Amino acid sequence: MPATERQGYDAIIGCSAPMQALYATLDRVARSDATVLVQGENGTGKELVARAIHNGSNRADKPFVVTNCSAFNDNLLDSELFGHKRGAFTGAVADKPGLFEIADNGTFFLDEIGDMSPALQVKVLRVLQEGTFNRVGDTETRKVDVRIIAATNRDLRAMVAQGLYREDLYYRIHVINLVLPPLRERSSDVAVLVEHFLERQRRGSGLKKELSASCIARMTAYPWPGNVRELENEIERLVVLSGDDPVIGEELLSPRIRTHASGIVVPAAEDDLRSLPAALESLERRMIVDALRRHQGNKTRASADLKVSRRNLIRLVQKYGLDDARS
Ligand SMILES: Nc1ncnc2c1ncn2[C@@H]1O[C@H](COP(=O)(O)OP(=O)(O)OP(=O)(O)O)[C@@H](O)[C@H]1O
Ligand SMILES: [Mg+2]
């Protein structure tokens, strides 16, 4: 273990190599005032990273403001971000400052920045370039000093190519681009995260809880499409379902995690050890045997589970001679 390995960064947990690389970048990014675009699948920690950058910056004692651009329609988002003047629209009964003003001197985390209309993209670009904006319905130009961290799980570059996103705004927010690794690409962090969330549950409940080794092994083999959020929820679920039991066994795992094929391929013969087709066939065969067992030989349900057509499954069952793989 290198002397510099870190267990986490601010509230971010993880020891894997991709996370070490992220921490090293965060050290530099936090000290700067550059606009940052954080990308990554759902639940990979984009908001945690934005907070970590703010907390490590010289704006740390100033506001950290968050808004989700996909949570509002266009007019509401305009007023939410930039504020409005009294009478600007029905219901605007008083002057109201927008979030850019509230974030002044601090950091503004604009989540789902891909979900913003072209008109608002222009207004955001103006704040980024000149630090100026107008409240909705107001002629007075205001000035703010706000650092922007944006996040999206959409492919902004592709949106630019399709004419759905302004190229100038894309380049302006893309100054620093952090791409967060999905959990399946850093499976060595699963055990560390499990321990972190278990510890939180122990503190909350006062109960002693740990996961059995086989339970952790199953969790490490699972690809976590919902990333850390999915893992966090699974731990909470396990703690609840385990009642007073101090050791949580694999039988309590959610079925999708418990029954996920581990992907450990055992080729049929020594000669086949390096053959990709042989390994794939071996995996295919094993997944089919497992699915048929899970569903007591019911091919309709097994095929749904495997996400192949029933006809396709019947063909594969014949190919591998699995017709009596019921027990
Ligand atoms: N590396 C991590 N260490 C500890 N907790 C994490 C980590 N990554 C994510 N989490 C936790 O997982 C949950 C989701 O994180 P966060 O909201 O930052 O993800 P996100 O990328 O913004 O997700 P979404 O795309 O769905 O908005 C939060 O409860 C967060 O605390
Ligand atoms: Mg988020």
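Table for the structure above
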| read-out | value |
| --- | --- |
| Residue list for segment 71-100, restricted to those being in a loop (DSSP other than H, G, I, E, B) and touching a Phe, Trp or Tyr at 6+ places or on another chain (Cβ under 7 Å) | 98 |
| Count of segment 146-179 residues which are assigned to a loop (DSSP other than H, G, I, E, B), of a type outside the set (S, T, N, Q) and within 23 Å of the chain's Cα centre (by Cα) | 5 |
| Subset of segment 141-156 that is closer than 14 Å to residue 70 by Cβ and at pLDDT 95 or above - its residue that is surrounded by the fewest Cβ atoms within 10 Å (Cβ to Cβ) | 151 |
| Qualifying residue in segment 193-205 (condition: touching a residue at least 12 places away in the same chain (Cβ under 8 Å) and either within 16 Å of ligand 2 (Cβ to nearest atom) or surrounded by fewer than 14 Cβ atoms within 10 Å (Cβ to Cβ) (or both)) | yes |
| Residue match in segment 157-172 (condition: surrounded by 19 or more Cβ atoms within 10 Å (Cβ to Cβ) and within 30 Å of residue 5 (Cα to Cα)) | no |
| Some residue of segment 87-105 being within 16 Å of ligand 2 (Cβ to nearest atom) and either out of contact with any helix residue (DSSP H, G or I) (no Cβ under 8 Å at 6 or more places or on another chain) or under 30 Å from residue 186 (Cβ atoms) (or both) | no |
| Residue match in segment 225-235 (condition: outside any helix (DSSP H, G or I) and at pLDDT 90 or above) | yes |
| Test: residue in segment 109-130 that is modelled with pLDDT of 95 or more, more than 16 Å from ligand 1 (Cβ to nearest atom) and part of a loop (DSSP other than H, G, I, E, B) | no |
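Yes or no, residue by residue, for (1) at pLDDT 80 or above; (2) farther than 24 Å from residue 225 by Cβ; (3) in contact with a Phe, Trp or Tyr (Cβ under 8 Å, 6 or more places away or on another chain):
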site: 245; (1), (2), (3): yes, yes, no
site: 249; (1), (2), (3): yes, no, no
site: 254; (1), (2), (3): yes, no, no
site: 265; (1), (2), (3): no, no, no
site: 268; (1), (2), (3): no, yes, no
site: 283; (1), (2), (3): yes, no, no
site: 286; (1), (2), (3): yes, no, no
site: 295; (1), (2), (3): yes, no, no
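The rows are residues; the columns are (1) touching a strand residue (DSSP E or B) at 6+ places or on another chain (Cβ under 6 Å); (2) modelled with pLDDT under 95; (3) within 16 Å of ligand 2 (Cβ to nearest atom).
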position	(1), (2), (3)
21	no, no, no
38	yes, no, yes
43	no, no, yes
46	yes, no, yes
51	no, no, yes
59	yes, no, no
65	yes, no, yes
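The values are calculated or read from the model by the stated rules, or taken from the named source; none is laboratory data. Everything quoted here is computed from the prediction, not taken from an experiment. Neighbour counts are summed over all protein chains in view; Cβ atoms, including those assigned to glycine, are modelled from backbone coordinates with ideal geometry.
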